[in-house]
Amino acid sequence: MKSADFASRLADVAKTVDGVLMKLFADEALPGEILRPQRVVESMRYAALAGGKRLRPFLVIETARLFGKDGEGVLRTAAAIECVHCYSLVHDDLPAMDNDDLRRGQPTTHKKYDEATAILAGDALLTVAFDILADEPTSPDAATRIALVKSLARASGLGGMVGGQLLDLEAEGRFADGTPLPLTDTQILRLQSMKTGALLFAGVEMGAIIGGASAAEHEALGRYGRALGVAFQIADDLLDEESDAATMGKATGKDAAMGKGTLVRLWGKEAARKRLGELVEEAESALAGFGDKADVLREAARFVANRDR
Ligand code: GRG
């Protein structure tokens, strides 16, 4: 698959997912809800609908497609993981966390609204994700819905993204005297696999769950998802060093300014780029059993490694 074709496919997915999210963030309350206050709905829309590559939804959709699955359930699952991702960005940008003013080229949610609204928008994005997965239109099969809920919860919670965020803040010296901790590459890999890798892995895993993958297929796709997660983070760290806020739509150069330990800073850019190449090969070879059907996912691994934003 050519990278231009891949880019237009990614853009198509983004448009489709935006449409699904718009419907899910309707003004009208659902059965069991009482009222959807305007300020929360609007701030959720602001946080989730202002751009973004929609990479995690893309992984759900393209993995499910390997098994011939598409349609409403797949799209709802794709929307659910994007809700968790967007919540994490809103909370990460808060003054108590990374204190950022710019995200996806726009003022961060707490800058546009206020901190309390941003916290609540994040909370609502997180909880709606599990509402979407638990609801019947996602799958008529309750066991599938439970497996999706479990996959997303494990990836985003205590032993996944939330845990990784805590380790990241700790590594910055936030809970001590502010001096960054000197982490080994093994510690950095674990932290990053929790903070960012886990949700990318979950995108693949949730696609495999809806697809009804066998144990061997889950294992192969898991290898793909893990390699992709590490590659994503190394590419992100390279972009933080080399790109600028206008291109990225968010502040850059923060790792160096804080003296933060990243693999790029530990190994040097050349070694990091070499490892990135190896990870793309690992991701591609994990898909060997799926033949040409997996070309889009192979291209996704190359995209993640070579992206410019
Ligand atoms: C607040 C629990 C909690 C977790 C926050 C996601 C995260 C954990 C922090 C974001 C900080 C950051 C820049 C992490 C690096 C990787 C990352 C998640 C980048 C943003 O993801 P993209 O590039 O963003 O997929 P778009 O905007 O395209 O969706």
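The values are calculated or read from the model by the stated rules, or taken from the named source; none is laboratory data. These figures come from a predicted structure and were not determined experimentally. Every residue, glycine among them, receives a Cβ derived from its backbone with ideal geometry; neighbour counts consider all protein chains shown.
The residues of the range 153-167 that are buried (at least 19 other Cβ atoms within 10 Å of the Cβ) and in contact with a Ser or Thr (Cβ under 8 Å, 6 or more places away or on another chain), listed by number, are Ser156, Met161, Gly164, Gln165. From the list Ile209, Ile234, the lone residue that is within 15 Å of the ligand (Cβ to nearest atom), in a helix (DSSP H, G or I) and hydrophobic (A, V, I, L, M, F, W, C) is Ile234. Going through (1) part of a helix (DSSP H, G or I); (2) at pLDDT 95 or above; (3) away from the ligand (no atom under 16 Å from the Cβ) one by one, Leu266 falls short only on (2). Applying the set (1) within 16 Å of the ligand (Cβ to nearest atom); (2) within 19 Å of the chain's Cα centre (by Cα) to Glu170 leaves exactly one unmet item: (2). Considering only residues in the range 54-93 that are crowded, with 24+ Cβ neighbours inside 10 Å and of a type in the set (Gly, Ala, Ser), the one that is nearest to Leu21 (Cα to Cα) turns out to be Ala79.
Rundown of residues vs (1) of a type outside the set (A, V, I, L, M); (2) touching a Cys at 6+ places or on another chain (Cβ under 8 Å); (3) touching a residue at least 12 places away in the same chain (Cβ under 8 Å), yes/no style:
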site: Ala14; (1), (2), (3): no, no, yes
site: Glu28; (1), (2), (3): yes, no, no
site: Val60; (1), (2), (3): no, no, yes
site: Leu66; (1), (2), (3): no, no, yes
site: Tyr87; (1), (2), (3): yes, no, yes
site: Leu94; (1), (2), (3): no, no, yes
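When Thr252 is tested against (1) crowded, with 17+ Cβ neighbours inside 10 Å; (2) β-branched (Val, Ile, Thr); (3) touching a residue at least 24 places away in the same chain (Cβ under 8 Å), only condition (3) is not met. Within the range 267-278, residues that are within 13 Å of Val230 (Cβ to Cβ) have Cβ atoms under 9 Å from residues that are modelled with pLDDT of 95 or more and basic (Lys, Arg) in these pairs: Trp267/Lys274; Trp267/Arg275, counting only partners at least 6 apart in sequence or on another chain.
Might you let me know whether the range 75-95 holds any residue that is within 15 Å of the ligand (Cβ to nearest atom) and assigned to a loop (DSSP other than H, G, I, E, B)? Yes, there is a match, as at least one residue in the range 75-95 is within 15 Å of the ligand (Cβ to nearest atom) and assigned to a loop (DSSP other than H, G, I, E, B). Reported count of residues in the range 113-152, each being small (Gly, Ala, Ser) and either surrounded by fewer than 17 Cβ atoms within 10 Å (Cβ to Cβ) or not in a helix (DSSP H, G or I) (or both), is 5. Residues of the range 105-128 that are within 13 Å of the ligand (Cβ to nearest atom) and either within 13 Å of Ser43 (Cβ to Cβ) or modelled with pLDDT of 95 or more (or both): Gln106, Thr108, Thr109, His110, Ala118, Ile119, Ala121, Gly122, Asp123, Leu125, Leu126. Working only within the range 200-247, note down all residues that are surrounded by fewer than 18 Cβ atoms within 10 Å (Cβ to Cβ), of a type in the set (A, V, I, L, M, F, W, C) and touching a helix residue (DSSP H, G or I) at 6+ places or on another chain (Cβ under 7 Å). Passing the criteria: none in range. Reported count of residues in the range 168-199, each being in a helix (DSSP H, G or I), among the hydroxyl-bearing types (Ser, Thr, Tyr) and surrounded by fewer than 17 Cβ atoms within 10 Å (Cβ to Cβ), is 1.
When the criteria are applied in full, Gly164 fails the requirement of being assigned to a loop (DSSP other than H, G, I, E, B), among the small types (Gly, Ala, Ser) and either within 14 Å of the ligand (Cβ to nearest atom) or over 16 Å from the mean Cα position of the chain (by Cα) (or both).
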